[in-house]
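Visitor: Pasting a structure below so you can have a look.
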Amino acid sequence: KSLCHSLGRPSRSDFVQLEFIDLYDLTTILGNIFDNAIDGCKSVQDKLRRKVEFRLYQVGENLVLYLFNTAKVNIQKEASGQIKSTKEKHYGIGLKNVKSAIEKYGGEIKYDYSDNDFTLTIIIPIPD
């Protein structure tokens, strides 16, 4: 069972441990996922429907990053199953870098989407 499917409910905590993640990797992860979420929102014609929701919390010994955004979703995938960039003059490097940074810490990433929204969940085990 993958980490994304085996987590329980988040516990209430005001502090989330992040110092085990290299600042460069954290910037790669957050910068790319927020950039994609903002671009996704821009694709929604009705400005009142545009929404980005981000949560960062700890469940047990796992760091969880949750990002939801509205979007006019037109997902294209590569043969490997990796999501392919649909942005002009972009080559899909951003999400590959995010995945690489997450896997460096034994984590995983999961995407869910419909015609009108996109949800991304990242789970990274917190080392002892």
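The values are calculated or read from the model by the stated rules, or taken from the named source; none is laboratory data. Small disclaimer: the values here were computed from a predicted structure and weren't measured. We place every Cβ from the backbone using ideal geometry, glycine too, and count neighbours over all the protein chains shown. With ligands, DNA and RNA removed, areas are computed over all heavy atoms of the protein, side chains included. Shrake-Rupley method; radii C 1.70, N 1.55, O 1.52, S 1.80 Å.
Residues checked against (1) within 26 Å of Tyr105 (Cβ to Cβ); (2) touching a strand residue (DSSP E or B) at 6+ places or on another chain (Cβ under 6 Å):
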residue: Asn36; (1), (2): yes, no
residue: Asp39; (1), (2): yes, no
residue: Lys47; (1), (2): no, no
residue: Val52; (1), (2): yes, yes
residue: Arg55; (1), (2): yes, yes
residue: Val64; (1), (2): yes, yes
residue: Lys72; (1), (2): no, no
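Visitor: Going residue by residue through region 58-67, is there one that turns out to be modelled with pLDDT of 90 or more, aromatic (Phe, Trp, Tyr) and under 24 Å from Asp22 (Cα atoms)?
Guide: Among the residues of region 58-67, at least one is modelled with pLDDT of 90 or more, aromatic (Phe, Trp, Tyr) and under 24 Å from Asp22 (Cα atoms), which makes the answer yes.
Visitor: Could I ask something else about it? Under 7 Å between Cβ atoms, which residue pairs at least 6 apart in sequence (or on different chains) link something in region 18-33 that is touching a residue at least 40 places away in the same chain (Cβ under 8 Å) and over 8 Å from Ala101 (Cβ atoms) with a partner that is among the hydrophobic types (A, V, I, L, M, F, W, C) and part of a helix (DSSP H, G or I)?
Guide: Leu18/Leu26; Asn32/Leu95; Asn32/Val98; Ile33/Val98
Visitor: Further question on the same structure: For region 33-70, which positions are open to solvent by less than 40 Å² (accessible area, probe 1.4 Å) and either closer than 15 Å to Leu95 by Cα or among the aliphatic types (A, V, I, L, M) (or both)?
Guide: If the condition is that a residue be open to solvent by less than 40 Å² (accessible area, probe 1.4 Å) and either closer than 15 Å to Leu95 by Cα or among the aliphatic types (A, V, I, L, M) (or both), then Ile33, Ala37, Gly40, Val44, Val59, Leu63, Val64, Leu65, Leu67 are the ones that fit.
Visitor: Please tell me if Lys77 is open to solvent by 50 Å² or more (accessible area, probe 1.4 Å), of a type in the set (Lys, Arg) and modelled with pLDDT under 85.
Guide: Judged against the criteria, Lys77 is a match.
Visitor: Would you be able to tell me the number of residues in region 9-29 that are modelled with pLDDT of 70 or more and in contact with a strand residue (DSSP E or B) (Cβ under 6 Å, 6 or more places away or on another chain)? Write out each step before concluding.
Guide: Residues of region 9-29 modelled with pLDDT of 70 or more: 15-29.
From what's left, in contact with a strand residue (DSSP E or B) (Cβ under 6 Å, 6 or more places away or on another chain): 16.
Count: 1.
Visitor: Which one of these does Ser6 not meet: (1) at pLDDT below 90; (2) open to solvent by less than 60 Å² (accessible area, probe 1.4 Å); (3) hydroxyl-bearing (Ser, Thr, Tyr)?
Guide: (2)
Visitor: When you scan region 34-48, do you find a residue that is closer than 30 Å to Asp128 by Cβ, without any contact (Cβ under 8 Å) to a residue 40 or more places away in the chain, assigned to a helix (DSSP H, G or I) and among the hydrophobic types (A, V, I, L, M, F, W, C), even just one?
Guide: Applying the first criterion (closer than 30 Å to Asp128 by Cβ) to region 34-48 yields 34.
In the following step, the residues that additionally are without any contact (Cβ under 8 Å) to a residue 40 or more places away in the chain were identified as 34.
Okay, now just the ones that are also assigned to a helix (DSSP H, G or I), so 34.
Imposing the further condition that a residue be among the hydrophobic types (A, V, I, L, M, F, W, C) reduces the set to 34.
Within region 34-48, one or more residues are closer than 30 Å to Asp128 by Cβ, without any contact (Cβ under 8 Å) to a residue 40 or more places away in the chain, assigned to a helix (DSSP H, G or I) and among the hydrophobic types (A, V, I, L, M, F, W, C).
Visitor: From the residues in region 80-99 that are among the small types (Gly, Ala, Ser) and surrounded by 13 or more Cβ atoms within 10 Å (Cβ to Cβ), which one is modelled with the lowest pLDDT?
Guide: My answer is Ser85.
Visitor: For residues that are of a type in the set (Ser, Thr, Tyr) and touching a strand residue (DSSP E or B) at 6+ places or on another chain (Cβ under 6 Å), scanning just region 103-120, find the one that is modelled with the highest pLDDT.
Guide: Tyr105
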